[in-house]
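A.B. asks: This is the structure I want to talk about, given as structure tokens.
Rule-based calculations on the coordinates, nothing more; no lab input. The structure displayed is predicted, hence computed values, not measured ones. Reconstructed Cβ throughout: ideal geometry from the backbone, glycine too, with neighbour counts over all protein chains shown.
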Ligand code: TRP
């Protein structure tokens, strides 16, 4: 791009209630690196319908997520924050890339296998081609870097394979994206089962702290968090519940785990859990206040949505037209 910065693309789905894990593991990180790149942050609503969604809920959650991006500190003028469904090039490029992707590759995707097992009554073709849509997202903006969690690495790999395959036929059309490596976000585990990632889709609501939980709920969930009977505050894999709480405290306060251990040396788990709850609330409550303020400012948010959809469409359209031309689709008559 013109200013010499590299381009970054990432997206999140507006399905389920976002958790503290989504914030500390992804969103917070996006904010900290956003100045270094030209960033596109999408609310990937096309991806969401691979699983049945209630229309009103989907619409509401998508808007909440978009305002959360802004509330978390992503400047919507410097960063392109938009709904995937507002830029038709995503679906168009996805179709083209479908024709450059093999069934065999897609059947190896572990997320497909997991989701197919979970939604056995609705194993639709979209669920299968989900990674191709993701490839289209990334390649449309010629992204150099993509911050993704470990669970999405396989999808980034297939994106690179598809892009290379296309380039080998048509020349250098797509930038080959890299995973963003650098300061990775904290990996937050369930408060009830520290061997599992904190998840939006956890059936046990006490396992996750939701971004919209109020202070009392946050405190209660921290208080009930599963620990161990060692009763000594240490940062070790042998005490996974406690380790997770230390990670949370550390991510919320910016202090390193060993400093946290020192700070709470000799104190009980009860005390520490209250401190974790307070630290989490100190991060989430202001985020909620800012999100509510934005939600109330409909005209402002609508303006952002409109401008950014246009901006995204402009860049995506450039790539799409180039691809169409390379493939041999007839030129438009003006
Ligand atoms: N599949 C990603 C997830 O569920 C979301 C996503 C869609 C994404 N398109 C993307 C992430 C492009 C990074 C880049 O987390």
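A.B. asks: Under 1.5 on a/c is rounded, so check that first for the range 221-271, then, if it is not, pick prolate when a/b is larger than b/c and oblate when it is not; a ≥ b ≥ c are the square roots of the alpha carbon gyration tensor eigenvalues. Walk me through the numbers on the way to the answer.
C.D. replies: Numbers: a/c = 1.43, a/b = 1.24, b/c = 1.15.
Rounded shape, in that the Cα axes give a/c under 1.5.
A.B. asks: What is the distance in Å between the Cα centres of the range 283-320 and the range 193-240?
C.D. replies: Cα centroid of the range 283-320 versus Cα centroid of the range 193-240: 31 Å apart.
A.B. asks: Another question, if that's okay. Please check: in the Gaussian network model of the chain (C-alpha springs, under 10 Å), which one of 282, 142, 13 has the largest mean-square fluctuation.
C.D. replies: The residue that fluctuates most here is 282.
A.B. asks: On to the next question. I need two numbers for the range 205-292: Rg to one decimal and Dmax as a whole number, Cα atoms only, in Å.
C.D. replies: Cα only, the range 205-292: 12.8, 42 Å (Rg, Dmax).
A.B. asks: Using only helices, what value at 222 nm comes out for the chain when you add -39,500 (n - 2.57) per DSSP H run of length 4 or more and divide by the total residues, to the nearest 500 deg cm²/dmol? List each step's numbers first, then the result.
C.D. replies: Values: 13 runs with 173 residues, N = 334.
Dividing the helical sum by the residues of the chain leaves -16500 deg cm²/dmol.
A.B. asks: What list do you get for 313, 231 if you sort them by fewest beta carbons within 10 Å?
C.D. replies: On the way: 313 17, 231 10.
Going from least to most buried by this count: 231, 313.
A.B. asks: Quick check: the distance between the Cα centres of the range 57-77 and the range 83-141, to the nearest angstrom?
C.D. replies: Rounded to whole Å, the Cα centres lie 23 Å apart.
A.B. asks: Give the relative contact order (percent, whole number) for the range 42-192; include only Cα pairs under 8 Å separated by 6+ residues. The partial results should precede the final answer.
C.D. replies: Numbers: 138 pairs, mean separation 33.1, N = 151.
Reported relative contact order: 22 percent.
A.B. asks: Using Cα springs under 10 Å in a Gaussian network model of the chain, which residue among 90, 119, 155 shows the largest mean-square fluctuation?
C.D. replies: Its mean-square fluctuation being the largest, the pick is 119.
A.B. asks: Over the range 205-292, what is the relative contact order in whole percent, taking alpha-carbon pairs under 8 Å and six or more residues apart? Before the final figure, lay out each step's value.
C.D. replies: Working: 94 pairs, mean separation 32.0, N = 88.
With pairs under 8 Å counted, the relative contact order is 36 percent.
A.B. asks: Shifting gears a bit: Taking neighbour Cβ counts within 10 Å as the exposure measure, how do 99, 252, 39 sort from fewest upward? Please report the intermediate quantities before stating the final value.
C.D. replies: Working: 99 9, 252 22, 39 26.
Final ranking by Cβ density, sparse to dense: 99, 252, 39.
A.B. asks: Quote the FRET efficiency, to the nearest 0.05, computed for residue 322 versus residue 124 with a Förster distance R0 of 35 Å and r equal to the Cβ-Cβ distance.
C.D. replies: On the way: r = 30 Å, r/R0 = 0.87.
Once rounded, the FRET efficiency stands at 0.70.
A.B. asks: In what sequence do 153, 212 fall when counting other Cβ within 10 Å, fewest first? Walk me through the intermediate numbers first.
C.D. replies: Details: 153 12, 212 16.
In increasing order of surrounding Cβ atoms, one gets 153, 212.
A.B. asks: How big is the antiparallel share of DSSP beta bridges in the chain, given as a percent to the nearest 5? Intermediate results must be reported in sequence, preceding the final value.
C.D. replies: Numbers: 2 of 16 bridges.
Around 10 percent of the beta bridges assigned by DSSP in the chain are antiparallel ones.
A.B. asks: Further, regarding this structure: For the chain, how big is Rg over Rh, using alpha carbon atoms and the Kirkwood form of Rh?
C.D. replies: Numbers: Rg = 21.2 Å, Rh = 21.3 Å.
Rounded to two decimals, Rg over Rh is 1.00.
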